[in-house]
Amino acid sequence: MQLVCRVRSRIERRLRTYKAFNDPARLLKLALEASDAVAVADRSTMRPTARGIPLAPLDVHATAALDRLTRWAARALRAQDAFVLLVDCRGGLETSAGEALRSPDTLAHCEAIVESASAHATDDGAVLGAPLIDSTGCVLGCLCVTDTRPRAWSAHDHELVCELARSATTELELRTTRAMADREKRWSDGQAAVLESIAARAPLRATLTTLLQVAEAHAPGMLTSVLLVEHARGGDVLRHAAGPSLPRSFTSRVDRIAVRDGHGMCAAAAHRREPVIVLDIATDPLTAPFVQIAAAHGLHAGWSTPIMSGGGGVLGTFALYYGSTRPPKPSDEIVIERSIHLARLAIEQVHGADALRRSATQARTLARDQTALQRVATAVAAESDPASVFELIAGQVGQLLRADAGYVLRFAADGDEFTTMGSWGRADTNVLEPGEVRIPAPDGLCAQLRRGRGARRRSVPAGEHLFPQLHRIAAPIVVERTPWGMIVALRDRRGAFARDDDKRIVRLAQLASVAVANARVRERLATQALTDPLTGLANRRAFDRRLIEETERAHRHGRELSLMLVDIDHFKAINDRLGHAAGDRVLADVTRDLRAATRLGDLLARVGGDELAMILADCGSRQAADVAGRMLLAIGADVELGGRQPVTLSIGVAGVRPRQSADELLRRADQALYRAKNGGRNQVVADDEGPASAVGPGARR
């Protein structure tokens, strides 16, 4: 929090210095820098990331998901409490999930995690936490677990809390993607209304009013206006054209102002032909003539940008007004950029048909961009199957860039080849199918994007190439700060790709990164849900599911099936005498030896504290008893295991009987294990059709 405050104070001091020198270019640069610095801490409103996707406020679904995650973290790590903190708009930390009780020392430790962007625990072991780092490298907050007693967190605990932090980050990024899709749809609908007004040749004032209403709805809290340049005898002046939310007394005061410095920020923007930012209307010399009228209507800051024609002339200005003294946010720049384009289209309709056709083409391109982004963002937010998302992205990048083919390619972890994850091509174009592996040229786009992070364009001479198209453009898919793959578009007919195509393909690559990261987290969580963290074996849930499946398969195909239950003899005494850490090591060593005796296809699982189970398909109970006997010999021959503490096993074996359920098979195996333990331990007891049989050093013959 102190670091954020220091950054904020330093930038504000620099803003005041450059403002005194009246340098608008440097002022604009620093205002955006200040807005970005504040936005990095602004998690309770809208925070643009480095790639342009805004972080939306927490909704009910995201809060519930984070609450479930913190409860699971507390149970998994056997801790008293777990919580998620996000950086708030003041640079501090606010609770987003988990219990609200927090000590000053705990909060200080959480701030240290956010500032260092690394996971660590407190010296007394009471708190263990990990930062929430999004795909662009921004720290969103932290996930922490606390305990009432000091404890030594294991490496597995550190790995688990980091994995949970990545899961929380993915949930936040998915929420951000949903918000972006909703916002893009609202803007697309509003833009369609403006374009319809232009196409219907509605009066310019009506069209601009519709545009400003769309802009104000897209960024609540802003008031907007458009002034048009009018040529007069004494020089150019600005005439009020539209301002639906501004008071009439204010708009009449700024009507017919001369285009020169000292006559307001709009006049200065038109005169300088560059954006002008006024952080405080009451103190800025540019707005001195309008201090009283602005204060009377609660206008305290503003941003004016000239509307430039296709030929480089100034058509007018687009202005934003704020009700507080603050720098603009990067999200405001997005509103300005889009609104200015539509305003220019409407104004140039009046000025000439040629300019109208050029702007209409740009508007259609912008609409196609927004439609493609909306479709992909919606699919990612819905957590669709990755294969279908990759196919969608390949199709959208190909159609958006008017290419002959589009691909989503994944880099090999070790090697130069790539795998096709999604492909699209026009009717007369041959493309690689998903799953096909190829080795690219050593100096091609694939090699370049493995090392870099920006979009790349390239045209190659005719000849033998992996792809027949001569013009290519690609952008990397970056996951967890590592190049995962790339999006590629290729074509011949329309010539080389333009520079503006770089931004389009990068936006789609960013959405692909979110889709891959989401799929990775879901796969990791699914694996963890079925795996015992200490031994790496299947857990009780996976065992129960597999036992039912194998029992049904054995009955359906008339095959044999055996179940083996293994218990470490006197394991509680080992824990009591040597400690739980030593007991965990013994359990891990026993697991290693039993795995060595397991056939491919058999399932070895940990079903209790010191109880293991093995499902042996196509294996009768007598054969399973022989396997169990070999396991006893392996444990007895393990010098390293026996040198620390003599370890023996009791094993119960049962084979499935006709029409017998999985629960009945488990009950019979458990009874056999019970007889093995009561019969002297260190032995195998098989529950056969006839009398029970026993093998092993402790068996009573």
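The values are calculated or read from the model by the stated rules, or taken from the named source; none is laboratory data. Treat the numbers as computed from the prediction; the structure is a model and nothing was measured. No Cβ is skipped: glycine too gets one built from the backbone with ideal geometry, and neighbour counts run over all protein chains shown. To get the accessible areas, we keep the full protein, side chains included, count just its heavy atoms, and leave off ligands, DNA and RNA. Shrake-Rupley method; radii C 1.70, N 1.55, O 1.52, S 1.80 Å.
Data table
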quantity	calculated
Solvent-accessible area of residue 505 with every protein chain in place, 1.4 Å probe, in Å² to the nearest 10	0 Å²
Residue-normalised accessible area of the stretch 256-413, expressed per residue, 1.4 Å probe, Å²	37 Å²
Cα-projected label distance for residue 448 with residue 675, points at 7 Å along beta-carbon direction, nm	7.4 nm
Heavy atoms of residue 577: accessible area, 1.4 Å probe, square angstrom to 10	140 Å²
Selection of trypsin sites (Lys or Arg not before Pro), the stretch 394-431, meeting DSSP coil and at most 15 other Cβ within 10 Å	402, 426
Space enclosed by the convex hull of the alpha-carbon atoms of the stretch 395-512, per residue, Å³	100 Å³
Full-stretch length increase - residue 417, residue 630 - with 0.36 nm per residue and alpha-carbon distance subtracted	72.2 nm
Eligible aspartates and glutamates near residue 572 by straight Cα distance, threshold 13 Å, same-chain separation 8 or greater	584, 610, 611
Largest-first ordering by accessible area, 1.4 Å probe, given options 230, 464	464, 230
Accessible surface, 1.4 Å probe, highest first, among residues 670, 105	105, 670
Rounded accessible area per residue of the stretch 159-199, 1.4 Å, Å²	35 Å²
Relative contact order (percent, whole number), the stretch 416-561, Cα cutoff 8 Å, 6+ residue spacing	14 percent
Accessible carbon and sulfur surface of the stretch 470-566 relative to its total accessible area, %, 1.4 Å	47 percent
Residue 664 accessible area, 1.4 Å probe, all protein chains in place, Å² to nearest 10	60 Å²
Share of carbon and sulfur in the accessible heavy-atom surface of the stretch 181-270 [1.4 Å probe, %]	49 percent
Value of relative contact order over the stretch 466-531, rounded to a whole percent, pairs C-alpha under 8 Å and six or more apart	32 percent
Whole-percent carbon and sulfur share, accessible surface of the stretch 356-468, 1.4 Å	50 percent
Prolate/oblate/rounded label for the stretch 118-169 (Cα gyration tensor, a/c 1.5)	prolate
Extension gain, residue 370 back to residue 324 (0.36 nm per residue minus Cα-Cα distance, nm)	13.4 nm
C-alpha center-to-center spacing [the stretch 281-330, the stretch 399-434] in angstrom	47 Å
